[in-house]
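Asker: Got a structure for you, questions after.
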Amino acid sequence: MIVVGAGPTGLTAALALRAAGLPATVLEAEPADRARPGSRALFVHNRTLRLIAGLNPELAEEIAQRAVVWPTRETYYRGRLVYSRSYPPHSGGLPPFASLRQVETERLLLTACERAGVRFEWGTGVTTVSTGPEAVTLETGDGRRWTSGYVVAADGARSAVRRSLGVQLHGPRPRGFHVVVDLAEDSNRPMPPRRIFRYEHPALDGRTVLQVPFAGGWQIDLQCRDTDAPATFDSVEAARRWLPAVVPERYRDRILWVARYQFHQVVADRFTDEHHRVLLAGEAAHLFPPFGARGMNSGMADAVAAAEAIAAADADPTAVPRYAARRHAAACYNRDAAGAALRHLRPGRAMRIRQRCCATLAPVVPALGRWLETAPYGPRQGPSTESKY
Ligand SMILES: Cc1cc2nc3c(=O)[nH]c(=O)nc-3n(C[C@H](O)[C@H](O)[C@H](O)COP(=O)(O)OP(=O)(O)OC[C@H]3O[C@@H](n4cnc5c(N)ncnc54)[C@H](O)[C@@H]3O)c2cc1C
């Protein structure tokens, strides 16, 4: 079987195909020695760890061991603490979540794939796809042709496979952006691992900012206004100017990566082709704002479901259509949930008033502080990842 793309979705799909006893070849456009950018998806949900454990228990353990599980969450409103909670250290079994840079998660997945016998073709970008009732044919930029019974298309947001199939993405692409900065931890004087959310931070002229620890550093996520000029915030020089409002001065010179990110909330109109031979997965099929950590996590859930569907498909012709319907529904759920989170992060007038009232009353009604803490991530529940496709 062929998987297109060696991001977290494609690597998980390849591992899941091998776990199902099927051969797996990954076609990846970039070279083997590529440098992947920045932290991106940090947060691996417990249910994703459990999915990975179902394929390879040692891999799930290793991801958990290399990650940070922060014990404390704090929320501030205009500089005033409105919520704080600390948890006892995690013991036994998989942790409730794991925070590590996506590049590290990918590195561990890649090693597990290689050990499981996945074949990799680096520098092999897919250009066109044609499907028939029996197989899929792919052409790659180097002029080669590839045939496979089924293909998992995990080639990311600009998916060539999706475009070749004529599949469209639908949903809002609102204006606005946020800026993500990675900082290396200062190992001489590390900050305590707390996840800190600051609504309307006074030192940033009322912009909201999120501070998330990962193994070896911090991700700082600044919500910019629609009227903000990107250049004021989204370069290393610009970040050096505004970062001291959030973290101690010494972190100014510890910037690893700065990126600007938009809030697309789009889902492919279908997750398979007319012959049910190509299965779209991950960002090839959907793009969400990152709040609630639904991007990479849902891509990995797609990947496992896709491999299960392929393993069943020859005996059960409904397997791939069921995959397509179930993961499309999951993507719509995630898109809407991430959209709900976005309404808290980029509030209109009514939401802003509600947040202000809750912050005022939080000292006497702790549930309101808890709401301010949890709302920016959207609903806690997600669509089932334990699906039969
Ligand atoms: C700033 C930022 C912050 C984020 N934060 C979070 C977060 O906190 N939580 C979260 O869950 N998600 C987050 N995300 C999203 C997360 O990074 C993505 O959801 C994830 O990378 C998607 O994985 P993927 O494998 O589907 O796609 P990708 O990671 O894009 O991988 C696609 C792969 O396909 C390859 N490829 C592309 N075209 C071709 C082709 N034609 N042929 C062959 N190969 C091809 C690419 O080179 C790449 O290796 C964030 C993203 C960004 C940018």
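The values are calculated or read from the model by the stated rules, or taken from the named source; none is laboratory data. If you're wondering where the values come from, they're calculated on a predicted model, not measured in any experiment. Don't worry about glycine lacking a Cβ; one is built from the backbone with ideal geometry, like all the others, and counts go over all protein chains shown. Ligands, DNA and RNA are excluded from the accessible area calculation, which covers all protein heavy atoms including side chains. Shrake-Rupley method; radii C 1.70, N 1.55, O 1.52, S 1.80 Å.
Asker: Of all residues in the range 356-368, count the ones that are open to solvent by less than 50 Å² (accessible area, probe 1.4 Å) and under 19 Å from Arg343 (Cβ atoms).
Answerer: Qualifying residue count for the region: 3.
Asker: Additional query: Would it be correct to say that Arg162 is over 20 Å from Glu104 (Cα atoms) and at pLDDT below 95?
Answerer: It is false that Arg162 is over 20 Å from Glu104 (Cα atoms) and at pLDDT below 95.
Asker: Next question, about the same structure. Hey, could you check the range 160-207 for residues that are under 30 Å from Gln355 (Cα atoms) and of a type in the set (A, V, I, L, M) and say which is most open to solvent (accessible area, probe 1.4 Å)?
Answerer: Here the answer is Ala203.
Asker: Would you mention how many residues in the range 240-259 are closer than 10 Å to Asp182 by Cβ, out of contact with any helix residue (DSSP H, G or I) (no Cβ under 8 Å at 6 or more places or on another chain) and either open to solvent by less than 20 Å² (accessible area, probe 1.4 Å) or not charged (D, E, K, R) (or both)?
Answerer: 3
Asker: So, of the residues in the range 1-45 that are hydroxyl-bearing (Ser, Thr, Tyr) and within 11 Å of the ligand (Cβ to nearest atom), which turns out to be farthest from Ser159 (Cα to Cα)? Write out each step before concluding.
Answerer: Narrowing the range 1-45 to residues hydroxyl-bearing (Ser, Thr, Tyr): 9, 12, 25, 39.
Restricting the remaining residues to those that are within 11 Å of the ligand (Cβ to nearest atom) gives 9, 12, 39.
Details: Thr9: 13, Thr12: 17, Ser39: 21 Å.
Within the range 1-45, the match that is farthest from Ser159 (Cα to Cα) is Ser39.
A quick yes/no check of all residues on (1) in a helix (DSSP H, G or I); (2) more than 14 Å from the ligand (Cβ to nearest atom); (3) among the acidic types (Asp, Glu):
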position	(1), (2), (3)
Leu279	no, no, no
Pro289	no, no, no
Ala293	no, no, no
Met296	yes, no, no
Ala301	yes, no, no
Ala312	yes, yes, no
Asp316	no, yes, yes
Arg327	yes, no, no
Ala330	yes, no, no
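Asker: Do any strands (runs of 3 or more DSSP E) entirely within the range 57-100 hold 1 or more residues that are surrounded by fewer than 21 Cβ atoms within 10 Å (Cβ to Cβ), and if so, which?
Answerer: On the way: elements: 72-77, 80-86, 97-99.
Qualifying strands (runs of 3 or more DSSP E): 72-77, 80-86.
Asker: What single numbered condition from (1) outside the structural domain of His286 (by TED's automatic domain parsing); (2) surrounded by fewer than 14 Cβ atoms within 10 Å (Cβ to Cβ); (3) out of contact with any helix residue (DSSP H, G or I) (no Cβ under 8 Å at 6 or more places or on another chain); (4) farther than 28 Å from Asp336 by Cβ fails to hold for Gly216?
Answerer: (2)
Asker: Out of Ala116, Ala112, which single residue is under 27 Å from Val161 (Cβ atoms) and open to solvent by 20 Å² or more (accessible area, probe 1.4 Å)? Walk me through it before giving the result.
Answerer: On the way: Ala112 fails: open to solvent by 20 Å² or more (accessible area, probe 1.4 Å).
Just one listed residue meets the conditions, Ala116.
Asker: Does the range 238-262 hold any residues that are outside any strand (DSSP E or B) and either assigned by TED's automatic domain parsing to the domain that holds Val161 or β-branched (Val, Ile, Thr) (or both), and which are they? First the steps, then the outcome.
Answerer: Residues of the range 238-262 that are outside any strand (DSSP E or B), as a first pass: 238-254.
Answer for the range 238-262, where residues must be outside any strand (DSSP E or B) and either assigned by TED's automatic domain parsing to the domain that holds Val161 or β-branched (Val, Ile, Thr) (or both): Val246, Val247.
Asker: So which residues in the range 147-159 are open to solvent by 30 Å² or more (accessible area, probe 1.4 Å) and within 14 Å of the ligand (Cβ to nearest atom), if there are any at all?
Answerer: Asp155, Ala157, Arg158
Asker: Now a separate question. Right, Pro133: open to solvent by 60 Å² or more (accessible area, probe 1.4 Å) and either farther than 30 Å from Leu204 by Cβ or among the β-branched types (Val, Ile, Thr) (or both) or not?
Answerer: So Pro133 passes the test.
Asker: Moving to a separate point now. Applying the selection to the range 136-146, what residues are open to solvent by 60 Å² or more (accessible area, probe 1.4 Å) and of a type outside the set (D, E, K, R)?
Answerer: Gly141, Gly143, listed by residue number.
Asker: Only residues that are in contact (Cβ under 8 Å) with a residue 24 or more places away in the chain and among the basic types (Lys, Arg): list them for the range 96-138, please.
Answerer: Once the filter is applied, which keeps residues that are in contact (Cβ under 8 Å) with a residue 24 or more places away in the chain and among the basic types (Lys, Arg), the range 96-138 yields Arg101, Arg119.
Asker: Looking at the range 185-199, can you tell me whether even one residue there is assigned to a strand (DSSP E or B), more than 25 Å from Arg101 (Cα to Cα) and within 16 Å of the ligand (Cβ to nearest atom)?
Answerer: The answer is no; no qualifying residue exists.
Asker: Can you give me the number of residues within the range 3-42 that are outside any helix (DSSP H, G or I), buried (at least 16 other Cβ atoms within 10 Å of the Cβ) and touching a Gly at 6+ places or on another chain (Cβ under 9 Å)?
Answerer: Counting residues in the range 3-42 that are outside any helix (DSSP H, G or I), buried (at least 16 other Cβ atoms within 10 Å of the Cβ) and touching a Gly at 6+ places or on another chain (Cβ under 9 Å) gives 12.
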